[in-house]
1. Going by the structure shown, is ALA330 out of contact with any Cys (no Cβ under 8 Å at 6 or more places or on another chain), part of a loop (DSSP other than H, G, I, E, B) and small (Gly, Ala, Ser)?
2. Quickly run through the range 195-211 and pick out the residues that are open to solvent by 30 Å² or more (accessible area, probe 1.4 Å) and over 18 Å from ILE248 (Cα atoms).
3. Here are the criteria: (1) more than 19 Å from the chain's Cα centre (by Cα); (2) open to solvent by 30 Å² or more (accessible area, probe 1.4 Å). Tell me which single one GLN301 does not satisfy.
4. Residues of the range 303-314 being in contact with a Gly (Cβ under 9 Å, 6 or more places away or on another chain), part of a strand (DSSP E or B) and not charged (D, E, K, R), which ones?
5. State the number of residues belonging to the range 72-91 that are in contact with a Phe, Trp or Tyr (Cβ under 8 Å, 6 or more places away or on another chain) and either among the basic types (Lys, Arg) or surrounded by fewer than 17 Cβ atoms within 10 Å (Cβ to Cβ) (or both).
6. Which one is nearest to TYR174 (Cα to Cα), of the residues in the range 220-230 that are surrounded by fewer than 22 Cβ atoms within 10 Å (Cβ to Cβ) and either polar (S, T, N, Q) or out of contact with any Ser or Thr (no Cβ under 8 Å at 6 or more places or on another chain) (or both)?
7. Restricting attention to the range 116-127, and to residues there that are of a type outside the set (Asp, Glu) and part of a loop (DSSP other than H, G, I, E, B), which single residue is surrounded by the most Cβ atoms within 10 Å (Cβ to Cβ)?
8. Would you mind stating whether THR280 is in contact with a strand residue (DSSP E or B) (Cβ under 8 Å, 6 or more places away or on another chain) and either open to solvent by 30 Å² or more (accessible area, probe 1.4 Å) or closer than 20 Å to VAL35 by Cα (or both)?
Amino acid sequence: MRYLLPLFCLLMVACSSSDESVTPVPDVPKSSFYVVNQGSFYDGIDGSISAVNTETGIVIPDAFMAQNGVSIGGTPQSAAKYAGTLYVPAFESGMVWTLNAENLSVTGTMSTPTPQAVAATADYLFVANNDGNLSVFDRNSLQLVEKIPVGPNPYSLALLGDELFISISDGYNYPTYENGLRLARFSTTDFSRGEDIPVGLNPGQLIATASGKLVVVCSGNYADVPSKVYSVDPATIESTYICDGSFIAVNGNDLLVIHSVTDWTTYETVTTYNLYDANTGALKRENFLCGNLPTAPINVQFDADGNIYVLADPSAAEYNMPGYVYRYNADGTYNTTYHVGVHPYNIIF
């Protein structure tokens, strides 16, 4: 688990009084995207979803609240989108929201403990629960179909063909994380378990590539074992070290790796942005992003056109303040910056 000053005051949010109405968020233009902001649990700041219109530059800082009149809850995680529906896990609130992707209106909820990650297929929604289980819900009825023990503190999910892969972090078992060190795999049709894939220490972020491989960030122990990026071949059950890295994004077979190291005595952070071949691990270009670079990146994603979005806090010490999304063109040149909610973590295009 990863732990408003609005740019544009566009909407009035309803108070608790029952006779006051909520001003709904209009259907979003296709050029827009949503940002899941985690807030700050330790500072009592709930999460939010910001709506960004890339044509106008207008940002609605908490579009979920504006649409529904309620908070999305504590520490929302990365969302999944399938067939016009968004699935947003709220970790502290113990639930997954289902939302209309056009306007963020709530269409349903699923109660499930400490949801860390979600992935959707035509029939099922898969939820990685931090308590060590994989919960499988019928995507249409939203009813629980099966709960499967997978290992301590599953972190991330990736779909590849008819298989689901889960990074098992054992993330609370510092410093050995000895019950993790692997990717679990399951059939998405009958939920049968395949052979685990050994990987590095404390596996977290997990992404599938266009060529049928996986890329995983193994975060190490935050001390003498650094965070490392591995390429994984599910067919051979082999993993190959690519580089040290903190956050990854994949576009086809291009792998963008952000490696961010902070000296916590001075809060000084050194960050690199390098582009690799996701198949071979070969370095394609150092310092791929140029221009205005964020101080404290949290995550990175590509859109369908290859543009790059880096989500960031104002600084390593300001994780409880409104953050930013930095947009770069497909060639790595800087485009613009959007001011969003507290601790932006995930984008849904």
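1. Values: out of contact with any Cys (no Cβ under 8 Å at 6 or more places or on another chain): yes; part of a loop (DSSP other than H, G, I, E, B): yes; small (Gly, Ala, Ser): yes.
Yes: the conditions hold for ALA330.
2. GLU195, ASP196, PRO198, listed by residue number.
3. (1)
4. Our first condition is that a residue be in contact with a Gly (Cβ under 9 Å, 6 or more places away or on another chain); within the range 303-314, this holds for 306, 308, 311-314.
Okay, now just the ones that are also part of a strand (DSSP E or B), so 308, 311-313.
Hits for the range 303-314 are ILE308, LEU311, ALA312.
5. Number of matching residues: 1.
6. In the first step, residues of the range 220-230 are kept if they are surrounded by fewer than 22 Cβ atoms within 10 Å (Cβ to Cβ); the result is 220-226.
With the extra rule that they be either polar (S, T, N, Q) or out of contact with any Ser or Thr (no Cβ under 8 Å at 6 or more places or on another chain) (or both), the set shrinks to 221-226.
On the way: ASN221: 7, TYR222: 10, ALA223: 11, ASP224: 13, VAL225: 12, PRO226: 14 Å.
Looking at residues that are surrounded by fewer than 22 Cβ atoms within 10 Å (Cβ to Cβ) and either polar (S, T, N, Q) or out of contact with any Ser or Thr (no Cβ under 8 Å at 6 or more places or on another chain) (or both), I get ASN221.
7. The initial filter retains those residues of the range 116-127 that are of a type outside the set (Asp, Glu), namely 116-122, 124-127.
The next check asks that each one be part of a loop (DSSP other than H, G, I, E, B); those that pass are 121-122.
On the way: THR121: 15, ALA122: 9.
Ranking the qualifying residues of the range 116-127, first place goes to THR121.
8. Working: in contact with a strand residue (DSSP E or B) (Cβ under 8 Å, 6 or more places away or on another chain): no; either open to solvent by 30 Å² or more (accessible area, probe 1.4 Å) or closer than 20 Å to VAL35 by Cα (or both): yes.
Against the criterion (in contact with a strand residue (DSSP E or B) (Cβ under 8 Å, 6 or more places away or on another chain) and either open to solvent by 30 Å² or more (accessible area, probe 1.4 Å) or closer than 20 Å to VAL35 by Cα (or both)), THR280 does not qualify.
The values are calculated or read from the model by the stated rules, or taken from the named source; none is laboratory data. Please read all numbers here as calculations on a predicted model, not as lab measurements. When we count neighbours, we look across all protein chains shown, and the Cβ atoms used for this are built from the backbone with ideal geometry, even at glycine. Accessible surface is based on the protein model in full, side chains and every heavy atom, while ligands, DNA and RNA are left aside. Shrake-Rupley method; radii C 1.70, N 1.55, O 1.52, S 1.80 Å.
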